[in-house]
1. Could you grab the Rg to Rh ratio for the chain? Cα atoms only, Kirkwood for Rh.
2. Would you work out the relative contact order for the chain, in percent, from Cα pairs under 8 angstrom that are 6 or more residues apart?
3. Does anyone have the angle between helix 2-25 and the longest principal axis of the chain? Alpha-carbon axes, 0 to 90°, nearest 10?
4. Using just the helices of the chain, give the 222 nm mean residue ellipticity in deg cm²/dmol: DSSP H runs with n ≥ 4 each add -39,500 (n - 2.57), and the total is spread over all residues, rounded to 500.
5. Output the 0 to 90 degree angle, nearest 10, between the alpha-carbon long axis of helix 31-56 and the longest principal axis computed from the alpha carbons of the chain.
Amino acid sequence: MALKLFLNVLYTIGIFVCAAIVYWAFPLQRYEFVIGGVFVAGLFIILKIKLLKELRTPKK
């Protein structure tokens with residue numbers, strides 16, 4: 001359970017870092033960083049949703 005909570009925190013930090021990278025890169029017209037940041041943030045969001053669904057289902 002502690003590992004899953006730690007993963008949740010890492011996913012949240014990763015999403016925040018990716019958002020900061022996109023925020024920094026867009027005005028500088030570094031679109032390769034924007035695309036990479038959006039892609040990685042999307043992966044983190046998908047993984048976080050799967051993790052939260054797994055935590056909400058009761059174990060038998």
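1. Values: Rg = 14.3 Å, Rh = 12.5 Å.
With Rg and the Kirkwood Rh in hand, the quotient comes to 1.14.
2. Numbers: 32 pairs, mean separation 23.1, N = 60.
Computed over the chain, the figure is 38 percent.
3. It is inclined by approximately 10 degrees.
4. Working: 2 runs with 50 residues, N = 60.
Helix-only estimate at 222 nm: -29500 deg cm²/dmol.
5. Around 10 degrees separate the two axes.
Readers should treat all values here as calculations from the given coordinates under stated rules, not as data from a laboratory. Bear in mind the structure is a predicted one, so any value in this text is a computation, not a measurement.
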